[in-house]
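Okay, structure first, notes after.
Where a number appears in this text, it was derived from the coordinates with a stated rule and is not lab data. Just so you know, these numbers come straight off a predicted model, no measurement behind them. Don't worry about glycine lacking a Cβ; one is built from the backbone with ideal geometry, like all the others, and counts go over all protein chains shown.
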């Protein structure tokens, strides 16, 4: 089997898995709905009671999870490819830390509502990413310097967040902690629409940038030789990746690990070299939705945010994966 | 005089200065000459009590924690040949944090003098796990593997910490003050508890200068020069665990000291680890205590925790170094 067919196969399998998880997610809960009825309802059929449960209560949350997962997976693949670093993720340009600091500031100091917190997070995240990029853009933003400056700026922002957490009431600290962890609890259609619109714009742009991204992986000089405008392409890619992350963080908070793990897992499934953005995106959707389904079922009454689940499972899974691979002597 | 000699003299002078300032500056300032008197002849006055019961223990704690973080960071960067390595990398902070929340949430431990042992144990166990994962298979613990393993394990542990702090309010309340990283408010006995571990870690670290230099040239070249890469890595990992584990257990995670100080030291001494390690042991306390003193001044009569000050000052300094010159290669 060639790598290309394998990649297509994996992509199709992941899409199928994502759809199956969606059906599972909206079909189970306090009222169980059999899968065939779920599918019928999703495509416009079903009785009124079923469609209320599905379309009003459960579908928005599941869709938000799937779409955010897709955004995070795609942005992680782009970041890891540009930085040529398997640990590259939006955190390295300080996005997550900037968003968290701004959101915690909004929650604790200004007592802002959901929209203000989301807007603050996006402004904080994008502002931080721009600052990091500007600080490292001297004689061309090299991947290496970008990472270092990202670490410096992030550490300062983490200090700001920690400071705010110690100067707040315990209730505020709890609200802030939930936001920082990343949660899909209580998501409605008003959360789905902005994410869907943003993805409808950003994903086609990403598709257009795949070719330059593939060339950039060969090294700046080679890419230039192949006719790629290196600096401009890289800037465009960073912007798209930051945009994708911003969408995800604004609607669910900074859910860790999906952006980091999805590209790694997808790559191990496809055995492809290259960025593999499409499979990574689908993998991201599967991971996030799967984690949300699992955490709702396992810790029903505690309402633990999905970020706890993605973190624990993802960390354990990655550890296991690395050990197994190294034991076999590859990688 | 050589650059190394001049630098060393300056750092020792700086250390003497911050030690004095750290005892003298605070919500109740005490003039330096009076401090000097009181140190040797405590007269039972309020000032004497502040100096002996609060400021001197705090300064000693800063001195040993600073030395531990600086040398731990330098060792970690030398071993992993990764200029970005810091105590967070091998899972030390995550292990300590997970142990602290476990002790408070599940076992009801509230005294810092008790949960410091949990934190230390957590840091040690996690370092061993990370090393074990990184060393799986034939080719051993390469730098990239250790970094990947540390990140993966930290992810899981931090999520666990978040989960526990969300379920249990009391734990969140304790944890938020621990994780900020402070030298203030600790019992004087704390320094005595962690000092033996840090002393042992420092001794071990200083014996590793030469083998670190050798394996810095690559494992093959290191072997040819008579150093055993595997042995050096294991001893180094033990030293890092002792140093960073004890420091983080005592005062909470403090960003930037372990990451930045070795870069500054290498900029002065060059890459020779036999110089870098002792430099870090002296330079890091200067930075940590300096940050602590600044934290007492900027927000009078309140204080800013040293973890915050070190990040807010260390961040721009670090960025300036990165922008101005190429990071001294390992």
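Going by how many other Cβ atoms sit within 10 Å of their own, how do B:275, A:179 line up, fewest first?
Details: B:275 18, A:179 25.
Fewest-to-most Cβ neighbours within 10 Å comes out as B:275, A:179.
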Quiz item: For B:163-170, what's the mean count of beta carbons from other chains sitting within 10 Å of each residue's beta carbon?
Solution: 5
Practice problem: Give the value in nm², to one decimal: projected area of the alpha carbon convex hull of region A:1-155, averaged over all directions. | Solution: 13.6 nm²
Quiz item: In nm, to one decimal, how far is the modelled label at residue B:46 from the one at residue B:320, with both set 7 Å along Cα→Cβ?
Solution: 3.8 nm
Quiz prompt | Shielding by partners - mean other protein chain Cβ count within 10 Å, residues of A:310-318 | solution = 6
Exercise. Could you rank the peptides B:184-190, B:201-207 by their average count of other C-beta atoms within 10 Å per residue, with the highest value first?
Key: B:201-207, B:184-190
Self-check item: Rough spin-label spacing in nm, given labels placed 7 Å along Cα→Cβ, for residue A:3 and residue A:43
Solution: 3.7 nm
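Restricting to Cα pairs below 8 Å that are 6+ residues apart, what does the relative contact order work out to for region B:237-330? Please round to a whole percent. All intermediate terms of the calculation are to be shown ahead of the outcome.
Numbers: 66 pairs, mean separation 30.0, N = 94.
Relative contact order for region B:237-330 comes out at 32 percent.
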Quiz item: Fewest to most neighbouring Cβ within 10 Å: what's the order for A:156, A:215?
Solution: A:215, A:156
Self-check item: Relative packing of A:279-292, A:260-273, B:2-15, which averages over residues the other C-beta atoms within 10 Å, highest first
Solution: A:279-292, A:260-273, B:2-15
Exercise. Counting only C-alpha contacts under 8 Å and six or more residues apart, can you give the relative contact order of chain A as a whole percent?
Key: 30 percent
Quiz item: Using a simple spin-label model with points 7 Å from Cα along the Cα→Cβ vector, what separation in nm is obtained for residue B:125 and residue A:20?
Solution: 3.6 nm
Exercise. Round to the nearest 0.05 the FRET efficiency obtained for residue A:170 and residue B:114 when R0 = 25 Å and r is the Cβ-Cβ distance.
Key: 0.65
Exercise. Find the eigenvalues of the gyration tensor of the Cα atoms of region B:52-184, then list the square roots of 5 times those eigenvalues as equivalent ellipsoid semi-axes, largest first, in whole angstrom.
Key: 27, 21, 11
Quiz prompt | Normalised contact order of chain B, rounded percent, pairs of Cα under 8 Å and 6 or more residues apart | solution = 29 percent
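Can you show me the helix-derived [θ] at 222 nm for chain B, built from DSSP H runs with n ≥ 4 at -39,500 (n - 2.57) apiece and divided by the number of residues, rounded to the nearest 500. Could the numbers behind the result be given before it?
Numbers: 15 runs with 246 residues, N = 330.
Estimated from H runs of four or more residues: -25000 deg cm²/dmol.
How shielded is A:260-266 by partner chains, expressed as the average number of their Cβ atoms within 10 Å of its Cβ atoms? If you can, show how the numbers build up before the last one.
Details: counts 3, 2, 0, 0, 1, 0, 0.
Neighbouring Cβ atoms belonging to other protein chains average 1 per residue here.
Determine, for each peptide in B:54-64, A:194-204, the mean count of other beta carbons within 10 angstrom over its residues, then list the peptides with the highest first. Mind showing how you got there, number by number?
Values: B:54-64: 21.5, A:194-204: 15.5.
Put in order of decreasing packing, that is B:54-64, A:194-204.
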Quiz item: If the label point is 7 Å along Cα→Cβ of residue B:206, which residues in region B:241-258 have backbone nitrogen under 16 Å from it?
Solution: B:243
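Step by step: find N for the protein assembly as shown, compute 2.2 N^0.38 Å, then divide the Cα radius of gyration by it. What's the final number? All intermediate terms of the calculation are to be shown ahead of the outcome.
Numbers: Rg = 25.7 Å, N = 661, 2.2 N^0.38 = 25.9 Å.
Here the answer is 0.99, to two decimals.
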Self-check item: Rg over Rh [alpha-carbon atoms, Kirkwood Rh] for region A:132-269
Solution: 1.03
Quiz item: Separation of region B:239-274 and region A:160-174 by C-alpha centroid, Å?
Solution: 28 Å
Quiz item: What's the center-to-center distance, using Cα atoms, between region B:9-77 and region A:252-331 in Å?
Solution: 47 Å
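Using R₀ = 56 Å, calculate the FRET efficiency as 1/(1 + (r/R₀)^6) where r is the Cβ-Cβ separation of residue A:201 and residue B:12; round to 0.05.
Numbers: r = 60 Å, r/R0 = 1.06.
For residue A:201 and residue B:12, the calculated efficiency is 0.40.
So if each residue of separation counts as 0.36 nm, and I subtract the Cα-Cα distance between residue A:185 and residue A:115, what length gain in nm does that give?
Working: separation 70, 0.36 × 70 = 25.20 nm, distance 1.53 nm.
Once the chain is fully extended between residue A:185 and residue A:115, it gains 23.7 nm.
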Quiz item: Over the Cα atoms of region A:16-328, Rg to Rh with Kirkwood Rh, two decimal places?
Solution: 0.98
